[in-house]
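Report on one structure; see the data block that follows.
The values are calculated or read from the model by the stated rules, or taken from the named source; none is laboratory data. This one's a predicted model, so the numbers in the text were calculated from it and none came from an experiment. Don't worry about glycine lacking a Cβ; one is built from the backbone with ideal geometry, like all the others, and counts go over all protein chains shown. Calculation scope for accessible area: heavy atoms of the full protein, side chains included, ligands and nucleic acids excluded. Shrake-Rupley method; radii C 1.70, N 1.55, O 1.52, S 1.80 Å.
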Amino acid sequence: MLSRQTSKRSYLLIFLVCFSMFSLYSSNDEDGSKLWFTNYQKAIINDNYHPGSIYINESSPTFQLILEELNYSMSLLFKQNIKTLNNHAKGCICVGTSNNGYIAESIEKDFFRKIGNEGFIIKYISEEDITIIAANTDIAALYGIHHYLRLLRTDPEQIIAQTIIEKPAYQNRILNHWDNLDGTVERGYAGRSIWKWEDLPERLNPRIREYARANASLGINGTVLNNVNADPDVLKPDFLRKVKRIADELRPYGIRVYLSVNFSSPEILGGLQNSDPLNPNVKAWWLKKVNSIYELIPDFGGFLVKANSEGQPGPQDFGRSHAEGANMLADILKPFGGIVMWRAFVYNPSGEDRAKQAFIEFKPLDGEFHDNVLIQVKNGPIDFQPREPFNPLFGAMENTALMPEVQITKEYLGFSDHLAYLGPLFSEFLQSDTYMKGNNTTIARITDNSIYGDKITAIAGVANIGSDTNWCGHHFDQANWYVFGRLAWNNQLSVKEIAREWLKQTFTTQPGFVETMAKVMMESREAVVNYMTPLGLHHLMGWSHHYGPEPWCDIPGARPDWLPRYYHNADSNGIGFNRSSSGSNAVELYAEPLRSMFNDPQLCPDKYLLWFHHLPWDYQMSNGRDLWTELCHRYSEGVENVRLFRDLWHKMEKFVDPRRYNEVSQKMDTQLNEAIWWRDACLLYFQTFSGMEIPPELDKPVHTLEGLVNKGINPV
Ligand code: GCV
């Protein structure tokens with residue numbers, strides 16, 4: 001038996017051991033809340049480069065932020081206290097515009113002309129050991145210091161290798177939040193809205209400042225605060241005061257605020273008889289409203305409008321066109337410097353192929369939109385599926401400013417439960433060649449003005465941000481926010497490089513980790529395509545919630561174009577949507593040589609085969625397999641890849657803090673179960689039509705079709 005004294009001592013010992021374990025755990029552990037501002041290893045360029053001071057002689061709230069950011073990051077990166085100077089001196093970082101005499105002397109005037117209002121220059125003057133970060137505006141200088149810090153943390157040699165000159169591809173780089181006024185987020189998988197409307201305008205969620213910092217670090221310069229399925233109440237005076245509070249907070253970071261508006265607002269809020277865009281009373285109502293917004297928010301960005309789409313009101317309710325609706329709002333916003341982003345996401349349950357409908361409605365309006373209107377077009381012609389060919393409107397509207405819309409939140413790619421890095425999806429889309437003006441008429445070059453010249457430019461991403469501690473639900477979903485921002489800044493960047501950058505800043509720079517996980521990330525979206533919708537299949541997901549497979553879904557009285565059968569058309573003859581010249585002829589919306597390529601199953605890339613063709617189950621693929629066998633292999637490959645990703649992640653344990661390691665591990669277990677669920681559901685269901693065997697070399701289904709159909713959402 002222990003004596004009283006011994007027992008006291010042993011309790012003390014246990015306490016000390018536990019306490020030290022706890023401190024070790026908590027000091028090493030990360031919860032994801034710091035985003036890509038997590039890893040600050042000592043920056044080493046060479047023996048001479050370890051700046052210890054900052055020289056900024058201009059002042060503004062943004063320059064204040066620059067000073068704070070540099071102080072914070074450099075003391076971590078160079079492990080020393082950073083001084084603030086009143087003049088330039090050896091070993092300093094000098095930030096500013098040409099109003100700073102030293103910068104004006106050191107940077108060629110021509111560079112200032114080249115970079116415009118948002119670009120910057122980073123120049124290392126080795127004789128003086130001074131790094132200059134120069135720009136024409138304070139906001140651009142903020143972008144410059146973030147770029148500098150990113151390089152210090154990911155590829156430091158770049159800083160001394162050459163003068164860096166950067167400017168953004170798009171003028172407007174915008175997040176679209178589908179946040180509702182009650183705090184919920186449509187298609188949001190990371191908790192509730194970060195705006196916390198209920199606390200505003202008195203109290204501001206401190207996270208909004210971190211959000212602004214994160215966006216500024218990428219160069220994102222706009223945010224639409226509310227859902228495109230817009231609640232008219234957002235335009236009520238009380239709400240506008242809340243919006244103002246957010247706008248004031250975001251301003252020093254260079255982020256303008258926009259609102260989604262409901263086209264029927266004049267009737268609903270103003271009590272007008274209608275919301276006809278040609279009605280003078282309607283125009284007067286909007287003018288008064290816009291005036292009141294700019295009184296509160298002088299740099300307000302403008303409106304995003306979802307009109308005559310999925311039940312939302314719009315100008316067609318009054319016999320007016322999309323152009324008449326958009327132009328009415330645009331004319332009112334123009335004197336204030338505001339823009340209208342008018343969505344082309346329109347389709348109706350008509351006899352026409354849904355994939356053609358936006359083109360049919362919008363193409364005839366080319367040239368009719370005023371110059372502060374952008375048509376916001378989703379990357380694909382249906383709806384953010386794991387893979388779609390590009391929307392044929394891109395390239396077809398030479399006289400209209402088109403802005404791409406991609407979805408960062410993973411409505412159709414496993415919510416925040418599956419690891420799917422969207423860089424490859426975004427770049428596949430942006431680098432798609434439309435051939436509208438010969439080779440290299442890519443969507444990136446069309447939409448950034450490289451081809452059709454002088455129009456307003458923009459790009460939008462539907463945000464995946466919420467109140468979850470780690471912001472995005474899955475730690476790796478932060479990378480999707482990050483890659484959107486980086487591509488919005490430069491649509492030619494390598495998405496693998498972006499993945500590496502993100503990994504280094506978020507986890508560690510250890511090559512064993514970075515290279516393994518960059519590879520996993522790069523292959524992750526293709527794995528999702530394979531286990532969900534391979535070979536051009538699409539829209540096989542569950543009704544309404546869009547989670548999990550339901551290729552059999554049939555709801556009495558439902559719109560046919562909301563049911564999977566409309567898209568897969570599986571029957572005993574085969575599977576796929578015939579969009580060739582013998583079917584809906586959607587192929588004709590593409591320029592040659594794409595039109596002929598897509599039209600002929602022998603030439604059509606496998607990835608789009610069943611998007612454009614309905615083919616027999618025994619159709620011979622170019623690799624010699626029949627279609628059914630190929631489908632089975634694709635589904636299995638998707639599952640096997642997820643298994644491999646999970647095994648690779650398990651090997652990463654030594655590089656990652658326990659909390660994030662475990663949280664990602666759990667998500668990967670879920671993803672593997674659900675990949676199997678998708679594979680089994682789709683193969684077992686399609687097998688009822690093909691009547692063919694699953695090849696014996698592949699894993700057998702672990703579910704039964706009956707069990708899956710009866711169980712509904714996530715049977716695992
Ligand atoms: C905001 C899809 C989504 C809807 C979304 C819509 C849109 O249909 O399921 O939630 O609505 O796209 O982009 O407007």
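Across segment 177-208, the qualifying residues are those that are open to solvent by 30 Å² or more (accessible area, probe 1.4 Å) and farther than 25 Å from Glu411 by Cβ, and the one among them that is nearest to the ligand (Cβ to nearest atom) is Glu198. From the list Ile382, Ile339, the one residue that fits, being under 25 Å from Val185 (Cβ atoms) and more than 16 Å from the ligand (Cβ to nearest atom), is Ile339. Within the span defined as segment 584-604, every residue fails to be of a type in the set (Asp, Glu), more than 27 Å from Thr442 (Cα to Cα) and outside the structural domain of Pro381 (by TED's automatic domain parsing). Take the conditions (1) open to solvent by 80 Å² or more (accessible area, probe 1.4 Å); (2) modelled with pLDDT of 95 or more; (3) in contact with a Gly (Cβ under 8 Å, 6 or more places away or on another chain); His50 misses just one of them, which is (2). Please indicate, with yes or no, whether at least one residue in segment 509-527 is outside the structural domain of Ala463 (by TED's automatic domain parsing), open to solvent by 40 Å² or more (accessible area, probe 1.4 Å) and under 15 Å from Trp36 (Cα atoms). Scanning segment 509-527, I find at least one residue that is outside the structural domain of Ala463 (by TED's automatic domain parsing), open to solvent by 40 Å² or more (accessible area, probe 1.4 Å) and under 15 Å from Trp36 (Cα atoms), so the answer is yes. Every condition in (1) part of a loop (DSSP other than H, G, I, E, B); (2) under 25 Å from the mean Cα position of the chain (by Cα); (3) farther than 26 Å from Lys244 by Cβ; (4) within 16 Å of the ligand (Cβ to nearest atom) holds for Pro392 except the one numbered (4).
Which of the following residues is more than 16 Å from the ligand (Cβ to nearest atom), crowded, with 24+ Cβ neighbours inside 10 Å and farther than 25 Å from Asn449 by Cβ: Tyr211, Tyr170? Result of the check over Tyr211, Tyr170: Tyr211.
From the list Ile145, Ile133, the one residue that fits, being closer than 22 Å to Tyr55 by Cβ, in contact with a Leu (Cβ under 8 Å, 6 or more places away or on another chain) and either open to solvent by less than 20 Å² (accessible area, probe 1.4 Å) or of a type in the set (Ser, Thr, Tyr) (or both), is Ile145. Can you pull out every residue in segment 330-344 that is free of Cβ contacts under 8 Å to residues at least 60 places away in the same chain and surrounded by 20 or more Cβ atoms within 10 Å (Cβ to Cβ)? Correct list: Ala330, Ile332, Leu333, Gly338, Val340, Trp342, Ala344.
Among the residues of this structure, Gln273 does not count as one that is within 16 Å of the ligand (Cβ to nearest atom) and of a type in the set (S, T, N, Q). When restricted to residues that are more than 17 Å from Asp353 (Cα to Cα) and either surrounded by 16 or more Cβ atoms within 10 Å (Cβ to Cβ) or not hydroxyl-bearing (Ser, Thr, Tyr) (or both), segment 581-613 contains 13.
Quick check: anything in segment 520-530 under 24 Å from Trp481 (Cα atoms), of a type in the set (Gly, Ala, Ser) and within 26 Å of the chain's Cα centre (by Cα)? Yes, the conditions are met somewhere in segment 520-530.
Test Lys114 against the stated conditions and say whether it is over 33 Å from the mean Cα position of the chain (by Cα), open to solvent by 40 Å² or more (accessible area, probe 1.4 Å) and assigned by TED's automatic domain parsing to the domain that holds Ala140. So Lys114 does not fit the description; no.
Rundown of residues vs (1) closer than 26 Å to Arg187 by Cα; (2) small (Gly, Ala, Ser), yes/no style:
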position	(1), (2)
Met403	yes, no
Phe415	yes, no
Ser432	no, yes
Arg445	no, no
Asp468	yes, no
Gly473	yes, yes
Asp477	yes, no
Asn480	yes, no
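If you filter segment 235-263 down to residues that are open to solvent by less than 20 Å² (accessible area, probe 1.4 Å) and over 24 Å from the mean Cα position of the chain (by Cα), you find that the one that is farthest from Tyr294 (Cα to Cα) is Phe263. Checking each residue in segment 303-319 for being within 15 Å of the ligand (Cβ to nearest atom) and farther than 24 Å from Val243 by Cβ picks out Asn308, Glu310, Gly311.
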